[in-house]
1. In peptide A:332-343, what is the residue-averaged number of other protein chain Cβ atoms found within 10 Å of each Cβ?
2. For a quick check: with amide H placed at 1.01 Å from N, whose amide H comes under 5 Å from B:ILE100's, ignoring anything fewer than 5 positions away on the same chain?
3. For a test of the definition: using alpha carbon positions, the gyration tensor, and the 1.5 limit on a/c, classify the protein assembly as shown as rounded, prolate or oblate.
4. Which order do A:SER354, A:SER190, B:SER145 fall in if you start with the one that has the fewest other Cβ atoms within 10 Å?
5. Might you report the magnitude of the Cβ-based charge dipole of the protein assembly as shown about its Cα centre, with Lys and Arg at +1 and Asp and Glu at -1, to the nearest 20 debye?
6. How many nm separate the modelled label positions at B:GLU383 and B:THR172, each set 7 Å beyond the Cα in the direction of the Cβ?
7. For chain A, what is the calculated [θ] at 222 nm in deg cm²/dmol (nearest 500), taking -39500 (n - 2.57) for each run of four or more DSSP H residues and dividing by its residue count?
8. Give the calculated FRET efficiency between B:GLU347 and A:VAL97 to the nearest 0.05, with a Förster radius of 30 Å applied to their Cβ-Cβ distance.
Amino acid sequence: MTDHATDHRLGGLAPPRSTPEPRWRALRDGLFGSKPNAVLTLLCLGLLAWAVPPLLRWTLLDAVWSGPADRCAEAAGACWAFVGEKLRYILFGFYDVDRQWRPAAALAILAGMTVLSALPALWRRTTPLRWVAGWSAGLAVVVLLLTGGPDGPAVPTERWSGLPVNLLLATVGMIGAFPLAVLLALARRSPLGGVRLLAVTFIEVMRGVPLIAVLYVATLLLPLMLPSGSAIDKLLRAQIAIILFVSAYLAEIIRAGLQAIPPGQHEAARALGLGYWAAMRLVILPQALRTVIPAIVNLAVGLFQDTTLVIVIGLFDVLNTARNAAKDPAWLGFYDEAFALAAVIYLIFCVLASRYSLWLEARLRRGG
Amino acid sequence: MIRDIGRLRITGRTNGRAAARHPRRIVMRGFKNNKTLLRESTMRHSPSSSPSTPPARPPSKGPSARWLLAGALGVALGLALTGAAKAGPTIDAIKARGAIKVGVGSQPGFFAPDSNGRWQGFFVDFGRALAIAVFNDPEKVQFVSSSPQQRLPSLQSGEFDILLSGVTQTFTRATKLGFHFGPVVFYDGQGLLVPKKLGVAKGKDLNGATVCVQTGTTGELNITDFFRQNRISFKPVVIEETAENQKAFASGRCDVLTQDASDLAITRTQLPKPDDYVLLPERISKEPLAPAIRYGDDQWLEIVNWVVNATIQAEEFGITQANVDSFLTSGDPSIRRFLGVDPSLGEAAKLDPKIFYTIIKTVGNYGEIFERHVGPKTKVGLERGYNAPWTQGGLLYAPPFR
């Protein structure tokens, strides 16, 4: 990456300098070096001067940090007391207050497993089997925690809400879609016409339909088709819909990775006496997947944000709990604060993911 | 080219070793799996070969004879309990689940979660009253949130047992869509909220106005009818979410906000300067909000009917959460029947005769539910209006409990 950047600059306008220029001069040249630059800089400064002071006043100076709702109603600034009061509800929603450690622990486990899976240092030591075993065990614990077992009364999935729902739907969506996507990608490149046709049909149909429509089908149409009484849980239906939806996109990403592998690798694998599946598992897929890791991370970030669409089927993810928190008559109408909190939560996750993706890209380019 | 050579070298080094090792392992594993499979299948076969076992039963972990016996006992017990009484599919599902599933919306005062994540509100209390009627426990109810467009399909598909989300009772919904409606729990009507500076005194002056309206509600249809009847034009701004609709109006995206008057009352208090807005006098529609259930379960319908009626009747009697115990010694035969002191009503319905007593004791009568969540002393600040008992000039009228 660094090589590329230098190359680019060398090929550009600036001649190489023997002495490093002072920082302030670089800044001045960058901001006011030419007339258009100066105009743009002034424009941006003007925008900032216009936007920042009111924002600061609202978020900090005039804000109310604690106290009852009445104090907020009098103030001109943000009501962070509302966030203090509603943070628990926004994060964990309808889950029982006295058993709140359960969704908190589930959240921690999900986040921890995601971080562990993202560490390249662990990739070399894990076989696919261990991977599957680790995630199955982790998810089993998460589901057990959320359902309220093994002791205590069961908690129906209607009451699972807030951030654990987002993270559960997103991580299980990615993990569940992965094997399916690999098979779809392989099938799409298969020499067998029937298999290829099936894969192409599935991928194109799933990609041709918006996620909302898939969720509607899963929640509204599916129960009408099934005999009454055999209802599958709504959250599970949404989860399966998300897995199928994501698998189509992931399959295309993986196919791109497969196409990037030169045929020489196939031939070399065959020369070593490996059959189709062994060659795929040991030679082709490891390289193909490594090529497309940034794209996969990108998809995961998008999916995390898309999980909020479960609003339309009446599940309470963190954005929906935030919105509903402002509907409590005792704390009526603090939508700005609620959405600000939700935005911060999303921002934290997405910035972390995007930094991770950059770091990984740099590392892989170094041959890590 | 250079890269390819590099990669092949790496692959050869790391994977060559693995390749030499793995094929053998695959064969071994396959062999082992075959053996265990064989063992399992023989194990599964032997117990189910007894002639009494129905072949459709899925194989279970333990000795299947014990499970069969338990199953038979369960079925017998179930039959004995239900007896000859014809129970509908909905009430059966509710009892099997151990909780009523109630579809709710989200509107301050009517249904909104409190800081502990507990649903609170006017309609929510009726859901709790139903749970008392079925299970004698106000907590055996699950509230399922539903948006205006999906609430009716969700009810249709069995997502919940009853929709208590402020649905307007209409002819089409009762006939074509196939829903039964319980008694009206809230008489609402669609109103028009406008800024005072528009200088509009009545709805007919609104020619060419932009109107913010919520999708999937009868409000969308009513406003179209209203403008068509008066032969004036309007531009609709259609928004799904109540709160966003109100934001759009507050920010001046439309001249008129139309919703049920109950919503508009809340909206007005939430606007930056409430006094700059005026609620026009017309009610352009009748909006009787009633609980909706699917066709096909008369028993469930009757429970819904009489639970709502009981809260109305209690207010007419003057029975409240606080004084209900003092009425237990009342000499009035109708009150004695109502509270189950005289158990004849309970016997007639094969229900716990104390059900109405428990409902009033737990959630209160209609007036108390109203005052607690949406009355003048709350943030919502609604007057009783039509929602007063018929004895006080309102429309609430419960049939006699006898």
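Coordinate-derived values only; no laboratory data. Just so it is clear, the model here is predicted, and its values are computed rather than measured. FYI the Cβ positions are ideal-geometry reconstructions off the backbone, even for glycines, and counts take in every protein chain you see.
1. Rounded to a whole number, the mean comes out at 2.
2. B:VAL141, B:GLN142
3. Details: a/c = 2.40, a/b = 1.30, b/c = 1.85.
It is oblate, given that a/c is not under 1.5 and a/b is not larger than b/c.
4. Values: A:SER354 13, A:SER190 16, B:SER145 25.
Fewest-to-most Cβ neighbours within 10 Å comes out as A:SER354, A:SER190, B:SER145.
5. 4460 debye
6. Distance between the two pseudo-spin positions: 3.3 nm.
7. The helix-only estimate for chain A comes to -22000 deg cm²/dmol at 222 nm.
8. That gives a FRET efficiency of 0.15.
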